[in-house]
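The values are calculated or read from the model by the stated rules, or taken from the named source; none is laboratory data. Source: prediction; values computed, not measured. Note: ideal-geometry Cβ built from the backbone for every residue, glycine included; neighbour counts use all protein chains shown. Just so you know, the surface numbers come from the protein's heavy atoms only, side chains and all, with ligands and any DNA or RNA stripped out. Shrake-Rupley method; radii C 1.70, N 1.55, O 1.52, S 1.80 Å.
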Amino acid sequence: MNIFQNILPYGVFGKSRAINAENPTGEKGKGGMASSNLGKGRKGSPCLKNIEPGSTTVLADISGCGVINHIWITVDNKTTDGDCFVLRDLILRMSWDDAKSPAVEVPLGDFFCCGFGKECYINSYPIVVAPSRGLNSYFSMPFRKKARIELVSQHKNVIPAFFYQIDYCLYDTLPDTMLYFFAKWNRESVTVKKKDYTILDNVYGKGIYVGTYLALQTLERYWWGEGEVKFYLDGDEEYPTICGTGMEDYVGGSWSFAKENQEKMTEQTYSTPFLGYPYYSNHDDLTVHPYHNDDCTPMRGMYRFHIPDPIYFQQNIKVTVQQIGMSHNGLFERQDDVSSVAYWYQEDREMSKYCPLPPKEERWPR
């Protein structure tokens with residue numbers, strides 16, 4: 001079974017299950033049993049309620065052999081005007097087969113290609129964000145014995161309602177070539193001149209790199225996207241095996257995403273199945289205050305999914321991007337605020353080097 005292919009045409013039959021607030025164990029024949037004022041089985045428990053600050057909520061604890069095929073989540077993006085970064089305060093954590101450390105530990109919004117604590121529409125193959133803040137993942141997530149998904153709340157206030165559903169299939173066995181799904185978040189609030197930003201490092205063994213999300217706040221003027229994305233594979237040291245031609249080129253755009261026939265620069269956003277530049281804003285629309293305006297450093301979100309063009313590695317992989325700009329005077333080294341999510345599959349169920357996320361304050365956008 002190929003982890004990137006739809007299994008329906010291949011005659012591999014599994015047992016379809018779903019976990020949500022009404023059936024938290026995914027048990028057969030136990031869905032939608034909670035009672036409401038309309039009676040038993042009439043939408044009695046559609047969401048998790050009153051998630052406390054500092055709590056860890058188990059969203060799924062699945063025993064057996066199977067594949068998670070779809071995750072859907074929605075939650076408010078703020079609880080007050082001053083507490084408006086829910087999507088970075090909540091952490092999505094996943095582990096496979098009783099691993100000691102998580103394979104996925106990413107701020108909720110960023111996992112779904114929505115950085116800066118703010119949602120945007122995503123229309124890609126593995127990640128879809130639909131109105132209004134419907135967060136969807138279609139990454140295949142296989143496991144042999146157990147899958148555990150947790151929600152960690154580091155938000156200041158109670159989260160009143162959290163809606164979710166996890167769709168999966170149980171199988172008797174999975175192929176010996178099965179790989180585990182991973183995702184890792186990183187950030188440098190101020191990058192270092194002439195030092196490439198690290199998207200992913202310290203991954204060893206065999207695997208497949210399948211995607212990058214970048215959330216960039218520019219700290220300097222002029223064009224920001226000349227930096228090249230580099231893939232160091234299987235022992236590469238000074239120079240990579242794969243090196244692109246620029247940041248906007250990496251996500252399928254060109255010429256600064258600029259509209260044609262214009263006197264003043266205007267960037268165009270877009271979202272396609274495997275690459276996109278879905279978010280641009282230089283205004284804070286999460287909060288309003290009578291004594292400060294809504295200006296902020298420009299925010300840009302972009303993604304590239306290497307699903308039709310996967311990056312294979314046999315020994316190790318490192319992924320970086322340069323911080324290089326362009327002005328009337330040519331290329332220049334620059335400093336910006338960059339965060340990222342790397343998505344990949346590997347043989348081992350644990351990361352070679354696990355690094356916990358920084359405190360929530362260090363994850364908040366500027």
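If you plug the beta carbon distance of Met326 and Thr80 into 1/(1 + (r/R0)^6) with R0 = 30 Å, you get a FRET efficiency near 0.15.
One chain, two ends: Trp255 and Tyr291. Fully extended at 0.36 nm per residue, the span grows by 9.2 nm beyond their Cα-Cα distance.
Residue-normalised convex hull volume from the C-alpha trace of the range 296-366: 169 Å³ per residue.
Each listed q (0.25 Å⁻¹) maps to a log10 I(q)/I(0) for the range 200-276 from the Debye sum over equal C-alpha point scatterers, namely -1.36. In the chain, Cα pairs under 8 Å separated by at least six residues give a relative contact order of 23 percent. Each Cα pair under 8 Å and six or more residues apart adds its sequence gap; the mean of these over the residue count of the range 197-294 is a relative contact order of 14 percent. Simple point charges give the picture: +1 on the Cβ of Lys and Arg, -1 on the Cβ of Asp and Glu, and for the chain a dipole about the Cα centre of about 1260 debye. The GNM of the chain, with springs linking C-alpha atoms under 10 angstrom apart, assigns the highest mean-square fluctuation among Glu52, Glu226, Glu260 to Glu260. Backbone N atoms of the range 94-137 closer than 12 Å to the 7 Å Cα→Cβ label point of Ala18 are not found in any residue. Dividing the C-alpha radius of gyration of the range 69-175 by 2.2 N^0.38 Å, with N its residue count, gives 1.12.
Working ranking of peptides 195-201, 125-131 by packing, defined as the average number of other Cβ atoms within 10 Å per residue, highest first, is 195-201, 125-131. The distance separating the Cα centre of the range 156-196 from that of the range 44-72 comes to 14 Å.
Compute, for the range 48-142, the length of the dipole vector about the Cα centre, with Cβ point charges of +1 (Lys, Arg) and -1 (Asp, Glu) only. Units Debye, rounded to 20.
180 debye
Taking the Cα centre of the range 65-111 as reference, the dipole from Cβ charges on Lys and Arg (+1) and Asp and Glu (-1) amounts to some 100 debye.
Of the residues Phe257, Gly276, Phe13, the one whose Cα sits farthest towards the positive end of the charge dipole of the chain is Phe13 (charges of +1 on Lys and Arg Cβ, -1 on Asp and Glu Cβ, taken about the Cα centre).
Starting from 0.36 nm per residue, how many nanometres of slack lie between Tyr239 and Ser63 once their C-alpha separation is accounted for? Before the final figure, lay out the partial values.
Details: separation 176, 0.36 × 176 = 63.36 nm, distance 4.35 nm.
Between Tyr239 and Ser63, full extension yields an extra 59.0 nm.
Per residue, the range 9-136 exposes an accessible area of 44 Å² to a 1.4 Å probe, with every protein chain left in place.
Here the accessible area of the range 88-234 is 47 percent carbon and sulfur, with a 1.4 angstrom probe and all protein chains present. The alpha carbons of the range 105-236 stretch over 54, 46, 28 Å along the principal axes, in descending order.
For Glu27, the shell of other residues with beta-carbons less than 14 Å away shows a net charge of +2, using +1 for Lys and Arg and -1 for Asp and Glu.
Say R0 is 22 Å: what FRET efficiency, to the nearest 0.05, do Lys49 and Arg366 get from their beta-carbon distance?
For R0 = 22 Å, the calculated efficiency reads 0.10.
Is the C-alpha gyration tensor of the range 245-338 telling us rounded, prolate or oblate? Criteria: a/c under 1.5 is rounded; beyond that, a/b larger than b/c is prolate, otherwise oblate. The shape class here is prolate. Dividing the mean sequence gap of close Cα pairs (under 8 Å, 6+ apart) by how many residues the range 119-275 holds gives a relative contact order of 20 percent. Once you have a ≥ b ≥ c as the square roots of the Cα gyration tensor eigenvalues for the range 159-247, tell me rounded if a/c is under 1.5, and otherwise prolate or oblate according to whether a/b is larger than b/c. It comes out oblate by the Cα gyration axes. Relative to its Kirkwood radius, the Cα radius of gyration of the range 118-173 gives an Rg/Rh of 1.03.
Each label point was placed 7 Å from the Cα along the Cα-to-Cβ direction; for Lys195 and Thr173 their separation is 4.9 nm.
Lysine pair count for the range 83-213 with Cα-Cα distance under 24 Å and sequence separation of 8 or more or different chains is 15. What value does the range 10-119 have for Rg/Rh, both radii from Cα atoms and Rh as Kirkwood defines it? Ratio value, two decimals: 1.00. A quarter of the convex hull surface defined by the alpha-carbon atoms of the chain gives 20.9 nm² as the mean projection.
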